[in-house]
Amino acid sequence: MTASDPVADEPLTLLGGRIPYVEGPLKVTGRAEYTDDIRRPNQLVGRLLRSPWPHARLVSVDLREARALPGVAAVLTGERYPTPFGVLPITHDETAIAVGKARYQGDIIAAVAAEDERTAELALEKIRFEVAPLPEYADPEAGTRTVAEPIHARGLAGTNIQKEVVQHFGDVDAAFAKAAHQVRVRGSFAGVTHAFTEPLVTIAEATPDGRLTVWSATQVPHYLHRALSEVLGLPMHRIRVVKPEVGGGFGGKSDPLPHEIACAALSLETGRPVKMLLDREDVFYTNHGRHPTRNDVRIAVDGDGRILAYDVEALIDGGAWSSFGTVTTYYNGVLAMGPYRVPNFRYRGRRVYTTKPPSGAMRAHGGTNIRYSIEVALDQLAERLGLDPFELRARNALPPNSTTVNEFRITSTSFLKCLEAAKRASGWSEKFRKLPFGRGVGLGCGFYISGSNSPIHFTPKMPQSTVHLKVDMDGGIAVHSMQADIGQGSNTLLAAIVAEVLHVDLARVHVQRVDSDVSPIDLGSYSSRVTFMMGNAARSAALQLRAALVAGAATLLGIPPSEVEVGHERFTPRGRAEPAVTFEQALHQAMEKVGALTATGAYQTRPAGGSFKGARAGTAPAYSFSAYVAEVDVDVETGDYRVPKVWAAFDCGRVLNRLAVEGQIEGSVHMGLGQVMGESMNYRASRMLNPSLLEYKIPAPQQMPEVEILLVGDADPEGPFGAKEAGEGPLIATLPAVANALYDAIGCRFTELPITPDRVVRALEERRKEGRPWKGA
């Protein structure tokens, strides 16, 4: 224990256990308030008209019939609020409603507010557009060349390329020239979407005092606040953003979205509250899901299996908007770095606009597809070298306190422990290449950021997370933060960190609803940043409050503060059980001259990365590591397959809430299985064919495997109480683990996702035609 950090050496009393979610009772009894539960007086219904054309110039529009309908309060097109916006300040190319032209089938071209849903839908039918069709661009490869009519004027040199990244570290060509073995994997990945339970929904209310209040299902209240101000032309202090409970996000609610701004615009126009609840088809067209991607990965190794170089290319289908696309383009390369040492690295990534729904951030954004191809390639190399896949990976593991070739700072890593735990628990040595034909096991590994080291907005300069605490004479501790709990349990963690530092009952700590009028800025729930950044800010605030309470207790005990020992809800002289001062007594003494006690904690990352262009992309204060083993059972006649069990060894540093971490890993496995087994956004040219949960197939409950979770991480030196992320990284290893298990089972490699039963059957037929026996079949 030190004066600056009195809790550093104290044993944990709450954190580290299985802490039930503080909002759990409200959710399971149906009393938690989501945006759709809110009703405002005299509320209107908002609806959106979407483009039936993939790309068309909007020549003229006739709104007279729509506006003349009884019960219609407002009809808007894009010219009323044309200011572009976007989550990244360097790529503002989205509009709330299309301006000048529609850029994809599903683009919003008008918005209506009416007294009821039926009237609003009828008004949409009365809107008449005259359009001039423009070329359709469904193929990103074609968009890399000069096009007749770029989707956006900002496309590079007359093409539809939104972002191109070229990086080269070391000498890749020389490394390949001296390599003992090299392998190439060309991966192809369908786009997938978040499929969160709660659809997108927003309520906006403009009031006579000149203020605008917006309630929305969002992961990023602060970014939404900024975008509303920019597009609507209101200063931020006149806008209030409230985040009720959110029923899942997975990245799909981490942009400010067009419907949110259109809803607010309708309220400003009418002076009345407007609710805009999107149906599931609308959600699919809003998308911002995982990018359809083609990647080309070459890996060179020496005779001992040590990695010499990566050479990576990625062609990324961005859809109609930029969203997080600049970051995506970097991540598809730089997140290839861990968990292995790569001394030479070359990457070319191109993200291309297409006339499809926009792609954006989805759980393990930018790191999932590239990791799949790398892990499949490493499995091929292990086979060529005659090495066990675990041994190949162990030989190349990044050490702790190291720096990658592109200057990522690695602090803690328990990757070797992950490998050891997964191998032992899965019985790998007794199963690998030894199970009967149709059954197999496979290994996949992962690496992901614990928050982005650099904020999206560079001005004004401010912490990435701030937490305020307030405690008054009633003894309840109110916690204010703009971090967004979207179901992952961050409110519970926030309360538990405060309770741990102060040694009080969890029930004494009350996390307040996110409200921009009273919540200090946190940048939101994305990039697996919340535990690390909010956690450190909360710990700092709680330490300040603890110091004030200790001072109050010291006065009552008649001893110096340094001699006060903090117990559970009580304070005593160090090493003695009596006399004791209760929490309330210490609080009231500390309040004697200042009233309610307040404290502020903030977190800002330390500088990281090099000085080259794009050096900050992928830098993080810490990284998670994983090693998963999947077991598969294939019906070789139908191609159908099951994944009966997954062993998931994960390094999230010190586990703070075991219940939440296990839930995140189980959910990540389910989502990863969806992408590898069947989820796919299907298109005919630019037209989406399956914009519903009836046709977009997420894994059914009976497809969910048993998941044995192995938490083996050592404490990170900079994480709150030693913790790192566990929200997105747990997904990544699932996909290659299943693919490599399929190879062990049937001798077929798969480089196109999803791996559907028909593809399994075709692969088996090709293997038989080529006369390649496998396990005697």
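Under the condition of being charged (D, E, K, R) and either part of a helix (DSSP H, G or I) or open to solvent by less than 10 Å² (accessible area, probe 1.4 Å) (or both), the residues counted in the stretch 470-523 number 4. Return the residue satisfying two criteria in turn: it lies in the stretch 412-423 and is of a type outside the set (Gly, Ala, Ser) and touching a Ser or Thr at 6+ places or on another chain (Cβ under 9 Å), and of such residues it is most open to solvent (accessible area, probe 1.4 Å). Top of the filtered list is 423. Among the residues of the stretch 570-594, the one identified as outside any strand (DSSP E or B) and among the β-branched types (Val, Ile, Thr) is 594.
Taking the conditions exactly as written (under 30 Å from residue 528 (Cα atoms) and open to solvent by less than 50 Å² (accessible area, probe 1.4 Å)), does residue 618 satisfy them or not? Judged against the criteria, residue 618 is a match. Among residues of the stretch 711-726 that are open to solvent by less than 10 Å² (accessible area, probe 1.4 Å), those with a Cβ under 8 angstrom from a residue that is in a strand (DSSP E or B) and of a type in the set (A, V, I, L, M, F, W, C), sequence gap 6+ or separate chain, pair up as 716/723; 725/449.
Among the residues making up the stretch 634-688, a single one is surrounded by fewer than 19 Cβ atoms within 10 Å (Cβ to Cβ), under 19 Å from residue 700 (Cβ atoms) and β-branched (Val, Ile, Thr): 638. If you filter the stretch 12-38 down to residues that are in contact with a strand residue (DSSP E or B) (Cβ under 7 Å, 6 or more places away or on another chain) and in a helix (DSSP H, G or I), you find that the one that is least open to solvent (accessible area, probe 1.4 Å) is 35.
Regarding the stretch 85-92, can at least one residue be identified that is aliphatic (A, V, I, L, M), out of contact with any Asp or Glu (no Cβ under 7 Å at 6 or more places or on another chain) and part of a loop (DSSP other than H, G, I, E, B)? Taking every residue of the stretch 85-92 in turn, at least one turns out to be aliphatic (A, V, I, L, M), out of contact with any Asp or Glu (no Cβ under 7 Å at 6 or more places or on another chain) and part of a loop (DSSP other than H, G, I, E, B).
Contact map, the stretch 674-685: first residue of a type outside the set (Lys, Arg), second residue surrounded by fewer than 22 Cβ atoms within 10 Å (Cβ to Cβ) and at pLDDT below 95, Cβ cut-off under 6 Å, separation 6 or more or different chains; pairs are 678/697. Might you check whether a residue that is open to solvent by less than 10 Å² (accessible area, probe 1.4 Å), at pLDDT 95 or above and over 27 Å from the mean Cα position of the chain (by Cα) occurs anywhere in the stretch 441-450? Yes; the residues of the stretch 441-450 include at least one that is open to solvent by less than 10 Å² (accessible area, probe 1.4 Å), at pLDDT 95 or above and over 27 Å from the mean Cα position of the chain (by Cα).
Taking the stretch 577-590, which residues are in contact (Cβ under 8 Å) with a residue 40 or more places away in the chain and surrounded by 18 or more Cβ atoms within 10 Å (Cβ to Cβ)? Of everything in the stretch 577-590, those that are in contact (Cβ under 8 Å) with a residue 40 or more places away in the chain and surrounded by 18 or more Cβ atoms within 10 Å (Cβ to Cβ) turn out to be 583, 587, 590. Pairs meeting the criteria (first residue in the stretch 452-468 and in contact (Cβ under 8 Å) with a residue 60 or more places away in the chain and part of a strand (DSSP E or B), second residue open to solvent by 30 Å² or more (accessible area, probe 1.4 Å) and among the charged types (D, E, K, R), beta carbons under 6 Å, at least 6 apart or on different chains) are lacking.
When each of 157, 175, 153 is tested for being surrounded by fewer than 17 Cβ atoms within 10 Å (Cβ to Cβ), assigned to a helix (DSSP H, G or I) and modelled with pLDDT of 95 or more, the lone residue that passes is 157. Contact annotation: residue pairs with Cβ atoms under 7 Å, 6 or more positions apart or on different chains, pairing a residue in the stretch 166-185 that is touching a residue at least 12 places away in the same chain (Cβ under 8 Å) with a partner that is surrounded by fewer than 13 Cβ atoms within 10 Å (Cβ to Cβ) and of a type outside the set (Phe, Trp, Tyr), are 180/303.
Every condition in (1) among the β-branched types (Val, Ile, Thr); (2) open to solvent by 30 Å² or more (accessible area, probe 1.4 Å); (3) farther than 19 Å from residue 325 by Cβ holds for residue 166 except the one numbered (3). Candidates 96, 111: the one that is assigned to a loop (DSSP other than H, G, I, E, B) and under 18 Å from residue 260 (Cβ atoms) is 96. Would you confirm whether or not the stretch 371-393 contains a residue that is modelled with pLDDT of 95 or more, buried (at least 24 other Cβ atoms within 10 Å of the Cβ), under 20 Å from the mean Cα position of the chain (by Cα) and in the same structural domain as residue 741 (by TED's automatic domain parsing)? Yes: the stretch 371-393 contains one or more residues that are modelled with pLDDT of 95 or more, buried (at least 24 other Cβ atoms within 10 Å of the Cβ), under 20 Å from the mean Cα position of the chain (by Cα) and in the same structural domain as residue 741 (by TED's automatic domain parsing).
Within the stretch 262-291, restricting attention to residues that are in contact with a helix residue (DSSP H, G or I) (Cβ under 8 Å, 6 or more places away or on another chain) and not in a helix (DSSP H, G or I), the residue that is farthest from residue 202 (Cα to Cα) is 291. Selection of the stretch 741-777 for residues being assigned to a loop (DSSP other than H, G, I, E, B) and either open to solvent by less than 80 Å² (accessible area, probe 1.4 Å) or under 18 Å from residue 640 (Cβ atoms) (or both) yields 747, 748, 749, 750, 751, 754, 755, 756, 771, 774, 775, 777. Can you run down the residue pairs with Cβ atoms below 8 Å, 6 or more apart or on separate chains, where the first is in the stretch 624-644 and under 16 Å from residue 777 (Cβ atoms) and the partner is among the aliphatic types (A, V, I, L, M) and assigned to a loop (DSSP other than H, G, I, E, B)? Correct list of pairs: 636/777. Contact map, the stretch 558-576: residues that are more than 18 Å from residue 548 (Cβ to Cβ) paired with residues that are assigned to a strand (DSSP E or B) and open to solvent by less than 40 Å² (accessible area, probe 1.4 Å), Cβ distance under 8 Å, separation 6+ or inter-chain. Pairs shown: 573/564; 574/564.
Tell me yes or no: at least one residue of the stretch 595-609 is touching a strand residue (DSSP E or B) at 6+ places or on another chain (Cβ under 6 Å), under 19 Å from residue 6 (Cβ atoms), hydroxyl-bearing (Ser, Thr, Tyr) and open to solvent by 60 Å² or more (accessible area, probe 1.4 Å). Within the stretch 595-609 (the criterion being touching a strand residue (DSSP E or B) at 6+ places or on another chain (Cβ under 6 Å), under 19 Å from residue 6 (Cβ atoms), hydroxyl-bearing (Ser, Thr, Tyr) and open to solvent by 60 Å² or more (accessible area, probe 1.4 Å)), the answer is yes, since at least one residue qualifies.
Among the residues of the stretch 313-333, those that are part of a strand (DSSP E or B) and open to solvent by 10 Å² or more (accessible area, probe 1.4 Å) comprise 313, 315. Within the stretch 404-418, residues that are under 17 Å from residue 443 (Cβ atoms) reach partners that are open to solvent by less than 50 Å² (accessible area, probe 1.4 Å) and assigned to a loop (DSSP other than H, G, I, E, B) with beta carbons closer than 7 Å, at six or more positions or on different chains, in the pairs 414/712; 414/713; 415/339; 415/398; 417/712; 418/712.
Here is the figure for the stretch 205-215: residues that are farther than 11 Å from residue 242 by Cβ and not acidic (Asp, Glu) total 6. From the list 83, 95, 146, 91, the lone residue that is open to solvent by 70 Å² or more (accessible area, probe 1.4 Å) and polar (S, T, N, Q) is 146. Residues considered: 107, 116. Of these, the only one that is among the acidic types (Asp, Glu) and open to solvent by less than 20 Å² (accessible area, probe 1.4 Å) is 107.
The values are calculated or read from the model by the stated rules, or taken from the named source; none is laboratory data. Note that the coordinates shown come from a computational prediction; the quantities given were computed from them, not determined experimentally. Note that each Cβ is placed from the backbone with ideal geometry, even for glycine, and that neighbours are counted across all protein chains shown. Ligands, DNA and RNA are excluded from the accessible area calculation, which covers all protein heavy atoms including side chains. Shrake-Rupley method; radii C 1.70, N 1.55, O 1.52, S 1.80 Å.
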